[in-house]
Amino acid sequence: MTRLLSVVIHDVAPANWAACQRLLQAVAEVADIPTTLLVVPRFHLHARQVAFENQLSHLLSSGHELALHGYTHLDPGEPRDWIDHIKRRLYTDGEGEFSALSTSEAELRLRAGSRWFEQRGWPLHGFVAPAWLLSPGSWEVLHASTLRYTTTLSAVHALPQRQHLRSSALVFSTRSRWRRVVSEPRNHWVSLWWRTQPLVRFELHPHDADHPRIRRLWMRKLAALLHERRAITLADAVDEWWPPQPGPAVCQGGKPDWLDTTIDFTRTSHADRASQMVQR
Ligand SMILES: [Zn+2]
């Protein structure tokens, strides 16, 4: 099988759009390749921007993929203990939105996100949780959905098949100096496994093009890997391993059949949160 790589851009939202464009430009300087853009419908509860959404539509029509990346990118709960505190406050900076959600809370947010994609006419194939943190309830909702894939730090998961493909992720953390220092040895360790893996992921965050050393590092690695691997979106990579079965189309731009648009968010126990979240 062909050896592949996917460039995945996180936290795509109006507040990060200028940085994301610098990132896309840096990727384009290496090669003209398709990427998967992880879009957050209401990033930090900010308002929508039509011009931003129009540019995403243009990227979609140019061969890039848009995938759902949470709904607000904010963890709504409180840590249970100090270990939970490290995971949810220090590691993720309070942004692991799906890290501790119940089934009903996860379903509410996934439905809102899917509906947001549907309203814009964007096909939705995959969901990637902020910081890849998924509670048991979130997994349950994903498996009950018609989404085709999700990813974790170490694998791509085909949801209908309940199978996964080990796939290492190169991640640069530029949020602080200590994170930048730690990311380099980790990525070196990850690169030791690359040769055995059919799919390698470059998981980039908005400011990864703004730190000259980090930018040079990942651009050089990407250029080297493109000599031996073909770039592909995550959705197309999933198709390579788990070809779509004939049957009712659920993700090709139409409404997923589990998406009940008649749901009345104002009647749920999450009314306050939902009224903030749901796109009008
Ligand atoms: Zn994120």
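List of remarks:
Residue-by-condition table, conditions (1) away from the ligand (no atom under 16 Å from the Cβ); (2) under 20 Å from Leu165 (Cα atoms); (3) touching a His at 6+ places or on another chain (Cβ under 9 Å); (4) modelled with pLDDT of 90 or more:
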site: Leu199; (1), (2), (3), (4): yes, yes, no, yes
site: Arg213; (1), (2), (3), (4): yes, no, no, no
site: Ala223; (1), (2), (3), (4): yes, no, no, yes
site: Arg230; (1), (2), (3), (4): yes, yes, no, yes
site: Thr233; (1), (2), (3), (4): yes, yes, yes, yes
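- Applying the condition of being in contact with a strand residue (DSSP E or B) (Cβ under 9 Å, 6 or more places away or on another chain) and small (Gly, Ala, Ser) to the range 105-130 and asking which residue is farthest from the ligand (Cβ to nearest atom) yields Ser114.
- Of all residues in the range 80-104, those satisfying the criterion of being of a type in the set (Asp, Glu) and either at pLDDT 95 or above or under 16 Å from Phe43 (Cα atoms) (or both) are Asp93, Glu95, Glu97.
- If you go through the range 4-25 and keep only what is surrounded by fewer than 18 Cβ atoms within 10 Å (Cβ to Cβ) and more than 16 Å from the ligand (Cβ to nearest atom), you end up with Ala18, Gln21, Arg22, Gln25.
- Ala237 fulfils the conditions (1) modelled with pLDDT of 95 or more; (2) assigned to a loop (DSSP other than H, G, I, E, B) except for a single criterion, (2).
- Within the set Ser167, Ser173, the sole residue that is at pLDDT 85 or above and touching a Ser or Thr at 6+ places or on another chain (Cβ under 9 Å) turns out to be Ser167.
- Members of the range 136-162 that are over 24 Å from Pro198 (Cα atoms) and within 16 Å of the ligand (Cβ to nearest atom): Ser138
- In the range 37-58, the residues that are out of contact with any helix residue (DSSP H, G or I) (no Cβ under 6 Å at 6 or more places or on another chain), more than 15 Å from the ligand (Cβ to nearest atom) and either of a type in the set (S, T, N, Q) or part of a strand (DSSP E or B) (or both): Asn54, Gln55, Ser57
The values are calculated or read from the model by the stated rules, or taken from the named source; none is laboratory data. Just so we're clear, the structure is a prediction, and the values are computed from it rather than from any experiment. Counting neighbours? That spans all protein chains shown, and the Cβs are built from the backbone with ideal geometry, glycine included.
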